[in-house]
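Below is one structure; the comments refer to it alone.
The values are calculated or read from the model by the stated rules, or taken from the named source; none is laboratory data. As the structure is a prediction and not an experimental result, all values here were calculated from the model. Reconstructed Cβ throughout: ideal geometry from the backbone, glycine too, with neighbour counts over all protein chains shown.
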Amino acid sequence: MDIRNCSNCGKIYAYDGFNTCTQCRKDEEKAFKRVKDYLYKNPGAAISEVSEETDVESKKIIEFLRQGRLEIKDENNIILGCERCEAPIRTGRFCERCMIEMQKEFKMSIGGGKEPKDIASGDFKERIRIAERYRKR
Ligand SMILES: [Zn+2]
Ligand SMILES: [Zn+2]
């Protein structure tokens, strides 16, 4: 059995492919639910407000956003920046333009060079408030 220290609480646990122990993962799931429920009722709430009301660290909320599990609805409530060009984004790690550019570069590099128009018509155009992309656990 592979025994490791939980990267969150430091306790030892039987490693099963995750960096945190089962208890921490349960806690995180609960925290995620609270944040999600709060955002359903209060769309466009500021992170600080969400953090206060749900008792979840803003760091954690930002992590959920980075993972693409939550999405900011209010355009004025931008707290994330694209990791490539630093443009404000609502979810994930890169802005739409960079995603398209990177896709283009990728396609060029494999010799295709086709227009990536299909990318823009995907999830990005959907104005959904909360994107749930659960990893199977
Ligand atoms: Zn833990
Ligand atoms: Zn960008």
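Side notes on the structure shown:
- So R135, is it at pLDDT below 85 and either outside the structural domain of A45 (by TED's automatic domain parsing) or hydroxyl-bearing (S, T, Y) (or both): yes
- Meets criteria (more than 30 Å from E101 (Cα to Cα) and in contact (Cβ under 8 Å) with a residue 24 or more places away in the chain) for Y13: no
- Subset of the stretch 12-64 (residues that are among the acidic types (D, E) and either surrounded by 15 or more Cβ atoms within 10 Å (Cβ to Cβ) or assigned to a helix (DSSP H, G or I) (or both)): D27, E28, E29, D37, E49, E52, E53, E63
- When residues of the stretch 17-28 are limited to those that are more than 7 Å from ligand 1 (Cβ to nearest atom) and touching a residue at least 12 places away in the same chain (Cβ under 8 Å), the one nearest to K60 (Cα to Cα): E28
- Residue-level analysis places F94 outside the set of residues that are modelled with pLDDT under 95 and within 16 Å of ligand 1 (Cβ to nearest atom).
- Among the conditions (1) at positive phi; (2) within 16 Å of ligand 2 (Cβ to nearest atom), the only one that I100 does not satisfy is (1).
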